[in-house]
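Enquirer: Can you keep this structure in mind? I'll have questions shortly.
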Amino acid sequence: MERGISPTVSFVLVVTIILLATAVTYLWAAPIISGINEPGRVRNLKNQMVNLDYMIRATAHGDINFTNSYELYAPGAFLELRPSNDSIVMTFVQKALVIGVVQKNKNTKCSYDAEYLNDTITGIYLGREMNMSRVYWGAKGVGDAEIMICYDDIDLKFNGVCSKGKTGAPRILVYMKKIGVNATDNRPIVSIDVC
């Protein structure tokens, strides 16, 4: 009778080691794999917000009762109208560090020449994306990220038909309508619905 390990036990041991190595490799690579498509997704969200900015400004410069709509494809994002500071904010979770952490600043007032903003609600510091747009974006690293459109020359109001914010559904429809001009500061008033 021979001493040692039987071929069956050896086979089971080798298969167990291979399966364990595969599981450990998968756990190590899962975050890397999920981040591969992230740059395209984040750029797509940013481009949609830039287009929404142009649509809102076009509506603001139209005649009274001029209406417009824009559909965003933003799965997993939350779009919110904040009429108190004339801004529209999209918050989402980025799985890779696409939007870097913006330098800290104390500016909370949106203006035409502001390069950086501090969103006091989310605590995220934002930087302007392009000179010609009103789009700011920033993140706290991997995780919470935000893209904001804000105006100091357009008065945004909630229309009351749908809601001020929408999340969960991949498609978000934004209705815009110019309803007048602010008598105090002569800014166009645009009503917004997020459906």
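Enquirer: Using beta carbons and a limit of 9 Å, which pairs, at least six apart or on different chains, have the first residue in the range 90-115 and farther than 21 Å from residue 151 by Cα and the second one part of a strand (DSSP E or B) and among the β-branched types (Val, Ile, Thr)?
Expert: The qualifying pairs are 92/147; 99/147.
Enquirer: Identify, from the list 106, 140, 164, the residue that is in contact with a helix residue (DSSP H, G or I) (Cβ under 9 Å, 6 or more places away or on another chain) and of a type in the set (Lys, Arg).
Expert: 164
Results for (1) at pLDDT below 90; (2) surrounded by 10 or more Cβ atoms within 10 Å (Cβ to Cβ); (3) in contact with a strand residue (DSSP E or B) (Cβ under 8 Å, 6 or more places away or on another chain), shown as yes or no for each residue.
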site: 24; (1), (2), (3): no, yes, no
site: 45; (1), (2), (3): no, yes, yes
site: 48; (1), (2), (3): no, yes, yes
site: 76; (1), (2), (3): yes, yes, yes
site: 95; (1), (2), (3): yes, yes, no
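Enquirer: May I ask you to list pairs of residues, at least six apart or on different chains, whose Cβ atoms are under 8 Å apart, with the first in the range 59-81 being over 18 Å from residue 195 (Cβ atoms) and in contact (Cβ under 8 Å) with a residue 60 or more places away in the chain and the second being part of a helix (DSSP H, G or I) and of a type in the set (Ser, Thr, Tyr)?
Expert: Listed by first residue and then by second, the contacts come to 66/59.
Enquirer: May I ask you to say which residue of 104, 109 is exposed (fewer than 13 other Cβ atoms within 10 Å of the Cβ), assigned by TED's automatic domain parsing to the domain that holds residue 166 and in contact with a strand residue (DSSP E or B) (Cβ under 7 Å, 6 or more places away or on another chain)?
Expert: Result: 104 is the single residue among 104, 109 that is exposed (fewer than 13 other Cβ atoms within 10 Å of the Cβ), assigned by TED's automatic domain parsing to the domain that holds residue 166 and in contact with a strand residue (DSSP E or B) (Cβ under 7 Å, 6 or more places away or on another chain).
Enquirer: Pick out, from the range 143-188, the strands (runs of 3 or more DSSP E) lying fully within it that include 2 or more residues that are over 18 Å from the mean Cα position of the chain (by Cα).
Expert: Because the criterion is at least 2 residues that are over 18 Å from the mean Cα position of the chain (by Cα), the strands (runs of 3 or more DSSP E) in the range 143-188 that meet it are 155-158, 171-181.
Enquirer: Cβ contacts < 7 Å: first residue crowded, with 20+ Cβ neighbours inside 10 Å, restricted to the range 119-137; second residue among the small types (Gly, Ala, Ser), any location; separation 6+ or different chain. Result?
Expert: 124/138; 124/139; 125/138; 126/138; 136/127; 137/127
Quick grid of which residues meet (1) among the aromatic types (Phe, Trp, Tyr); (2) modelled with pLDDT under 85:
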| position | (1), (2) |
| --- | --- |
| 124 | no, no |
| 137 | yes, no |
| 145 | no, no |
| 158 | yes, no |
| 162 | no, yes |
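Enquirer: So residue 173 passes all but one of these: (1) of a type in the set (A, V, I, L, M, F, W, C); (2) buried (at least 16 other Cβ atoms within 10 Å of the Cβ); (3) touching a Lys or Arg at 6+ places or on another chain (Cβ under 9 Å). Which condition number does it fail?
Expert: Failing condition for residue 173: (2).
Enquirer: Here is a further query. Quick one: in the range 118-132, which of the residues that are in a loop (DSSP other than H, G, I, E, B) and hydrophobic (A, V, I, L, M, F, W, C) is nearest to residue 187 (Cα to Cα)?
Expert: In this case the residue turns out to be 132.
The values are calculated or read from the model by the stated rules, or taken from the named source; none is laboratory data. In this text, all values refer to a predicted model and were calculated from it rather than measured experimentally. Cβ coordinates were reconstructed from backbone atoms using ideal geometry, including for glycine residues, and neighbour counts include every protein chain displayed.
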